[in-house]
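The values are calculated or read from the model by the stated rules, or taken from the named source; none is laboratory data. Bear in mind the structure is a predicted one, so any value in this text is a computation, not a measurement. All Cβ positions, glycine included, derive from the backbone under ideal geometry; neighbour counts span all protein chains shown.
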Amino acid sequence: MSRFATFSGSTDPSRQEFTTGLPVTRICLDNFRRNWLFLASLARDLPPMGVIKSDAYGHGIEPLAHVLLDAGCRTLAVGSTQEGVLLRHLLSGKSEGITILPLLGVLSPEDAAASIEHKLFPLVATADQAAFVNAAWSGPEPLPIVVKVETGMARLGFRGNDLRECIASLYAFTNLRPAMLLSHLATADIPAKDDAVASQVVQFLDAYEAMRKFWPDIALSLANSAALLAQDLHLSALPPHVARPGFSLYGGNPFVGTDRESLGSALLPVMEAAAPIMGVQNLAKGQSVGYGHTFTAEKDMRIAIVGAGYSDGFSRSLSGKGHVCIRGERCPILGRVCMQMHIVAVDHVPDAASGDVAYLLGGEGSGAISMNDLAATWGTIPHEFFTLFGKNRRVYR
C-alpha cells in the first residue's frame, strides 16, 4: 500500500475542490503533527524549534503554526522580520509566551524597530545589525538577541576569525544580551561529507567557548533536520542545544538514497497536489500534440488534458518526461507543459474521464508520485515545488 494512504484515504478529493477548474494543494495537518512529535522525541536536550519560514514551505504558516503550538512547540522560526510580524498578528491571543525567531536577521533599522514592537527574537549577523537593535531598544534590561556565526555555509554570520571583534562589538552594546548562538550546517544530509560537519561543529564549539566567557548562559542552536535524525553521529560533542528541523517536518527525509535513509522512515508526507482532468479524447496515429509538436503518436491512443501548467507551479521542465497519477496509475506527460494545462497518455486507464483527479504530487496505489520521484524527474529538491504548489488554493484535511 502506498505511504500516501494515511493521507488520501480511499477516495479522491471531492470534485467540489475543482469547481474553479484550477489545481488544489491538499495539506494533511495530522501528518504534520505526527512528524513534529516524532522529531521532538529525538531531541534529547531541549525542545526543538518549528521552522515555518517561507509560508511554512508553502504549506501555510497560520494553520501549521497552530498545529505546532497545540502539540507543545514554543519556538517558531520564520524567514524575514516581516514574516515574524505577520505570524505574531495571525496567532493573536495564542502567541503569549511564544518565541518567534526570524532567521534572515535584522537587516535594517526598520527591522529592529519592528522586532521590538512585535516581541520577536532578533538575530544579528554583523556589528551593524547589532547596532540597529541596540539603538532601537530602550528597555530597563538588556534585550536578548540571537548571534549568528558562520561556520561553513559562507553565507550570513560573524566569521570565526573575526570572533574577537564580534565579541568586542557586542559587549560594547550595553542594551543587548546575546542569549543564543546559532549557525547552520551545510552537509549534514550527505554521509560522505561527515568530515565537513565535524569541522563545523568544532568551529561552532570554539565560538561557544569564546562567547560564554562573557555570557555564560548563552544557549545554542545548530542541528537541522539531518543532524537531528543522525545526532549520535554529529552532535555528541555539543552541549545541550535547540535543533531546528524544517524539511523533515513536512515529511522530507534528508537521507533518502543513502545508507541512513531508515533514520527518516517514520516521516509522513504532508502535501499532495492535484488537478482536474479537463477532457479525454482519442489521438490518431501520426497526430501530434501541444506547442512545437514535440510528441507524435506512433499508434492510436487516448489522451487526457490535465488542468495544471507552469503558471500553477508545475514546471515546463517536466515536458515529455514527467508523470501524473490517475486512478492509481502513472500516466506519462506527452509534449510540452503549457501555462495552465498539459497532456498525458491514458491508454492504460480505460475509465479515465473528464472531471477525474490527476495527482501532480501524491495519489494512491503503485502510481503515487512521491516527493522524491518528482524531485528526481524535475531535477530539483522538494523544497522548491512545495513552495510553488503552495501558491495554489490549499485545502486542509
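Taking Ile305 as meeting all but one of (1) farther than 30 Å from Arg397 by Cα; (2) in a strand (DSSP E or B), write down the number of the exception.
Of (1) farther than 30 Å from Arg397 by Cα; (2) in a strand (DSSP E or B), only one is false for Ile305: (1).
Ala223 - would you say it is crowded, with 16+ Cβ neighbours inside 10 Å, outside any helix (DSSP H, G or I) and of a type in the set (Gly, Ala, Ser)?
The answer is yes for Ala223.
Which condition does Asp217 not pass, out of (1) over 20 Å from Phe38 (Cβ atoms); (2) charged (D, E, K, R); (3) not in a loop (DSSP other than H, G, I, E, B), if it passes all the others?
(3)
Do we find a residue being among the basic types (Lys, Arg) and either at pLDDT 90 or above or assigned to a loop (DSSP other than H, G, I, E, B) (or both) anywhere in segment 159-174?
Checked segment 159-174: no residue is among the basic types (Lys, Arg) and either at pLDDT 90 or above or assigned to a loop (DSSP other than H, G, I, E, B) (or both).
Scanning segment 168-209 for residues that are of a type in the set (D, E, K, R) and surrounded by 15 or more Cβ atoms within 10 Å (Cβ to Cβ), which turns out farthest from Ala237 (Cα to Cα)?
The qualifying residue farthest from Ala237 (Cα to Cα) is Arg177.
Residues of segment 72-103 being over 21 Å from Met180 (Cα atoms) and of a type in the set (D, E, K, R), which ones?
Lys94
Just give me the residues in segment 357-387 being assigned to a strand (DSSP E or B), closer than 18 Å to Ser311 by Cα and among the aliphatic types (A, V, I, L, M), in sequence order.
Step one: filter segment 357-387 for residues assigned to a strand (DSSP E or B), giving 357-362, 369.
After this cut, where a residue has to be closer than 18 Å to Ser311 by Cα as well, the list is 358-361.
If the condition is that a residue be assigned to a strand (DSSP E or B), closer than 18 Å to Ser311 by Cα and among the aliphatic types (A, V, I, L, M), then Ala358, Leu360, Leu361 are the ones that fit.
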